[in-house]
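Asks: Please see the structure below; I have some questions.
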Amino acid sequence: MQIIDPSLPSGGHPYAPVRPWYITQDDYAFTLAATPEDYTLVVLDEDDEVVYSDTLPSGSTMFVLPSTLSGSYELRLMPLASTYYYRGYITL
């Protein structure tokens, strides 16, 4: 996943590289390093429509998406108290 911050003058990307956040996928289950704070999880379809959202509490290491989703999606993880978010792409 890469970090995006719309408030930055550099077009949303930080000037210095940010350590990427690695998430592993096993079917509809995703595993990540423990979240340091509360995050909003958003899944968008190819038309940028939100098809799923949830809150990941601080310390979360896993989330499962609904099995009704099928296809390619953009996955966003957004800290509740920030303007930036992490973005990645998944296929279900």
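Every number here is computed from the coordinates shown, using simple stated rules; none is lab data. Bear in mind the structure is a predicted one, so any value in this text is a computation, not a measurement. Neighbour counts run over all protein chains shown; Cβ positions are idealised from the backbone, glycine included.
Asks: Taking amide hydrogens as modeled 1.01 Å from N in the peptide plane, which residues meet the under 5 Å criterion relative to residue 40, leaving out close sequence neighbours?
Replies: 56, 78, 80
Asks: Okay, next question. So which GluC sites (Glu not before Pro) in segment 36-92 are both in a DSSP loop and have at most 13 other Cβ atoms within 10 Å of their Cβ?
Replies: 37, 46, 49
Asks: Okay, next question. Enumerate the calculated ³J(HN,Hα) couplings along segment 24-37 in order (Karplus 6.51 cos²θ - 1.76 cosθ + 1.60, θ = phi - 60°), each rounded to whole Hz, writing x wherever the residue is Gly or Pro.
Replies: Karplus values, whole Hz, x for Gly and Pro: 9, 10, 10, 6, 9, 9, 10, 10, 9, 4, 3, 6, x, 8.
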